[in-house]
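What follows is a short report on a single structure.
Read-outs throughout are calculated quantities, based only on the coordinates presented, and are distinct from any laboratory measurement. A quick note: this is a predicted structure, and the numbers were derived from the prediction, not measured. Here the Cβ positions follow ideal geometry from the backbone for every residue, glycine too, while neighbour counts run over all protein chains shown.
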There are 2 protein chains.
Amino acid sequence: MQHAMPPLSALRAFEATARLGSVTAAAHELSVTHGAVSRQLRSLDEHFGVALFAKAGRGLELTNQGEQLQRDVGEAFARLRDSCTQLKRDVEDAPFTLACPGSLLARWLIPRLDRLHSELPEINLQVVVSENEHAFKRSDVSAILAFSAPPWPADVEVIELIAEQICAVASPRLAEQADPEHPETLFSSKLLYTTSRPQAWPQWANAHALDTALLDQALDAGQGFEHLYYLMEAAMAGLGVAIVPKLIAEDDLRSGRLIAPWGDIETSARLCLWLPRHVTQRRSVQLAEWLKRELDDTLLSR
Amino acid sequence: MQHAMPPLSALRAFEATARLGSVTAAAHELSVTHGAVSRQLRSLDEHFGVALFAKAGRGLELTNQGEQLQRDVGEAFARLRDSCTQLKRDVEDAPFTLACPGSLLARWLIPRLDRLHSELPEINLQVVVSENEHAFKRSDVSAILAFSAPPWPADVEVIELIAEQICAVASPRLAEQADPEHPETLFSSKLLYTTSRPQAWPQWANAHALDTALLDQALDAGQGFEHLYYLMEAAMAGLGVAIVPKLIAEDDLRSGRLIAPWGDIETSARLCLWLPRHVTQRRSVQLAEWLKRELDDTLLSR
DNA sequence: GTCATATGTGAGCTAGAGTCACTGATCGAT
DNA sequence: ATCGATCAGTGACTCTAGCTCACATATGAC
């Protein structure tokens, strides 16, 4: 016959009381009232059929049986405490690996990494490139920063940072031929886009209520690029008009290497921080808050 | 800063799941549903900020962090289990010491000890004499069997076995002079009693609606004894009429060494088994039940 | 005696732990 | 390919272990 274990909370109350020599002190350590601890001790007495403490003046002292129990239980709890503390420290000290598409990394995050490191030094951030959202398959990825549209899978926690804005950009030379009042004039240029986002130009055309036939024609004459990076280089080289996330073009727009005379539109996508569910760390939240602040600053300083 | 321990129930669920390799198996061991265990594991993940299990086919497997935790936690729980099992066995194997007044021991319990030992062999009973109810001050006393009247102190659990009956007894020679129909004729004999129970004769007189003055007179002519044992010897020797608990005189009445022609009366006292509070063992209950059975048999076989 | 300090406890409340019933995933067998 | 068996995850709900509160009781210092 297997002897049932007593309730663990009662054992913990016993351990703390035996170690500190006082119900009140144990209650304080466990953040409960002394009454709670007193009841737990009572239930242990009943479980074992023997008193573990005896009254001694105003306080208590261990009985022989109590001492016998304390020897092992004290060490067992010390071990539990140690290993839990150790694991938690290990988790907190491990590098926090943020995965992110190359373009976002190069054009937005890297210029701000220095500030991130100095403002959140305890995060121990590592950055890796990942073009798709399967980065969690690599178990050492702690978070993913990327543009994506709902619905999101159920087994990740997604923190929405800002709505994605896309805009049509061109080199200054090409852009000065365009009429901001008449976006359709733009279709006379080559339309450049990333192959991973073929819906970008149709979204833009739709937002400006432009003719689909005209768009299709212009798209046929245009060109898709595999990466946003090449797309923007192409636009800067004057090859045509590119449709890009405004956030990524931000610095180039400010420096004047690119011009976006036709304004920007909001898409259904969001810049999101993806986190694995149920394992929210404090630094995940800190990082999300820092990103939000930084994004707001980027947009306000425009 | 002190890292808080996770909830212990969650650690137990983790330990069982890691050891058995399955949520369902752990749930079965812990006598809960698999859903309960699943939630506990989830809460552990959140506490540590890292997944301790990863899906592996239909089941789970420990992550690196889970394995790290399992090493210590498994041993700590094994230690807790062992020491609790050990203490419980020690308590159960320790002798069960029953304290009892000498007269009750000699006249009722000792003649039945053989049967007690053979019917409840696992109790490992030891009997010690104790004339008063302070026997619990001796920490090795597990229970006290004694006559006593309520109210009882708050810090003991009292199991009432039977109501005390007292009767007036005399030697056969003396008793044949008495008239059972007229109890007051008894006052012509010397009244014998124990000094610890001076109220016995007045109770008896009151129950028979006898004159108090007559009683006092007879008491003055009578004699008190320090112990019931001497009192009964005196009665058997024909020194007078003794007032005694019927239970203790039972065997002498049956053998004819004493006669009780005036019947018996019930007092407010009870034969009780006193147990220390909050440390009820199974064998205390077994003993109480055995005593009740045996007392019923004693009374029925009259 | 009074006051400060400790533990014990009856009554009542609440958060945490559990159940139920369902979903989705995987794997073996037909 | 399909079906059924097995397993873990979860939303909604329920319930009770464990807590707090307030008071009782006991000890020791002054």
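Inter-copy label distances at B:A54, using a point 7 Å along Cα-to-Cβ, come to 5.6 nm with the shortest given first. By the gyration tensor of its Cα atoms, with a ≥ b ≥ c the square roots of the eigenvalues, what is the shape of the protein assembly as shown: rounded for a/c under 1.5, prolate for a/b over b/c, or oblate? Since a/c reaches 1.5 and a/b is larger than b/c, the shape of the protein assembly as shown is classed as prolate. Each label was represented as a point 7 Å from its Cα along the Cα-to-Cβ direction; for B:V32 and A:R257 these points are 5.7 nm apart. One Cα centroid belongs to region B:37-53, the other to region A:58-100; the line between them spans 17 Å.
Near A:V128, the amide H atoms lying under 5 Å from its own belong to A:L98, A:A99, A:C100; only residues 5 or more places off or on other chains count, and H is placed 1.01 Å from N.
If you take each beta carbon of peptide B:276-282 and count the beta carbons of other chains within 10 angstrom, what is the mean? Before the final figure, lay out each step's value.
Values: counts 4, 4, 9, 9, 3, 4, 1.
The mean count of partner-chain Cβ atoms within 10 Å per residue comes to 5.
Residues whose amide H falls under 5 Å from that of B:E164, counting only those 5 or more places apart or on a different chain, are B:T267, B:A269, B:R270, B:L271, with hydrogens built in the peptide plane.
Taking 8 Å as the Cα distance limit and 6 or more residues as the minimum spacing, I'd like the relative contact order of region A:165-268 as a percentage. Show your work: numbers first, answer last.
On the way: 170 pairs, mean separation 52.7, N = 104.
After rounding, I find 51 percent.
How far is the Cα center of region B:240-261 from the Cα center of region A:224-270, in Å? Here the answer is 115 Å between Cα centres.
For region B:165-268, the square roots a ≥ b ≥ c of the C-alpha gyration tensor eigenvalues yield an a/c under 1.5, which makes the shape rounded. The simple spin-label model puts a point 7 Å past each Cα toward its Cβ; for A:E266 and B:E160 those points are separated by 7.9 nm. A dipole drawn for the protein assembly as shown from +1 and -1 charges on Cβ atoms has a positive end, and of B:G263, A:L219, A:A56 the residue lying farthest that way is A:A56.
Looking at region A:205-285, which GluC sites (Glu not before Pro) are DSSP coil and have at most 13 other C-beta atoms within 10 Å of their C-beta? Listed in order of number, the matching sites are A:E226.
Each copy carries a label point for A:D251 at 7 Å from Cα along the beta-carbon vector; from one copy to the others these points are 10.4 nm apart, nearest first. As I understand it, the value is the acute angle between the Cα axis of helix A:246-255 and the longest principal axis of the Cα atoms of chain A; what does it come to in degrees, rounded to 10? Rounded to the nearest ten degrees, it is 60. Could you state the angle between the C-alpha long axis of helix B:64-93 and the longest principal axis of the C-alpha atoms of chain B, as a value from 0 to 90 degrees rounded to the nearest 10? Helix B:64-93 sits at roughly 10 degrees to that axis. Each Lys and Arg contributes +1 and each Asp and Glu -1, all at the Cβ; summed about the Cα centre of region B:165-268, the dipole is approximately 220 debye.
Among the trypsin sites (Lys or Arg not before Pro) in region B:50-100, those located in a DSSP loop and surrounded by at most 11 other Cβ atoms within 10 Å of their own Cβ are B:R58. The C-alpha atoms of chain A define a longest principal axis, and helix A:212-221 lies at about 90 degrees to it. The charge dipole of region B:98-199, taken about its Cα centre with unit charges on the Cβ of Lys, Arg, Asp and Glu (plus for the first two, minus for the last two), comes to roughly 380 debye. The GluC sites (Glu not before Pro) found in region B:121-190 that occupy coil by DSSP, while having at most 12 further C-beta atoms within 10 Å, are B:E176, B:E181. Relative contact order, whole percent, for chain B stands at 20, derived from Cα pairs under 8 Å and 6 or more residues apart.
Per the Kirkwood formula applied to alpha carbons, chain A shows a radius of gyration over Rh ratio, Rg over Rh, of 1.28. Considering every alpha-carbon pair of region B:8-92, the percent of pairs per 10 Å bin, from zero through the bin containing the longest distance, is 18, 49, 25, 8, 1.
For a 30 Å ceiling on Cα separation, which of these pairs sit above it: A:K55/A:K88; B:K88/B:K292; A:K88/B:K55; A:K88/A:K292; B:K190/B:K246; A:K190/A:K246? Please list the in-between numbers first.
On the way: A:K55/A:K88 39 Å; B:K88/B:K292 27 Å; A:K88/B:K55 22 Å; A:K88/A:K292 27 Å; B:K190/B:K246 19 Å; A:K190/A:K246 19 Å.
Distance filter (> 30 Å) returns A:K55/A:K88.
First check a/c for region A:201-251, with a ≥ b ≥ c the square roots of the eigenvalues of its C-alpha gyration tensor; if it is under 1.5, answer rounded, and if not, answer prolate when a/b is larger than b/c or oblate otherwise. Please report the intermediate quantities before stating the final value.
On the way: a/c = 2.46, a/b = 1.49, b/c = 1.65.
Here region A:201-251 falls in the oblate category.
Label point of B:T195 (7 Å along Cα→beta-carbon): distances to the other copies' equivalent points are 11.5 nm, sorted ascending.
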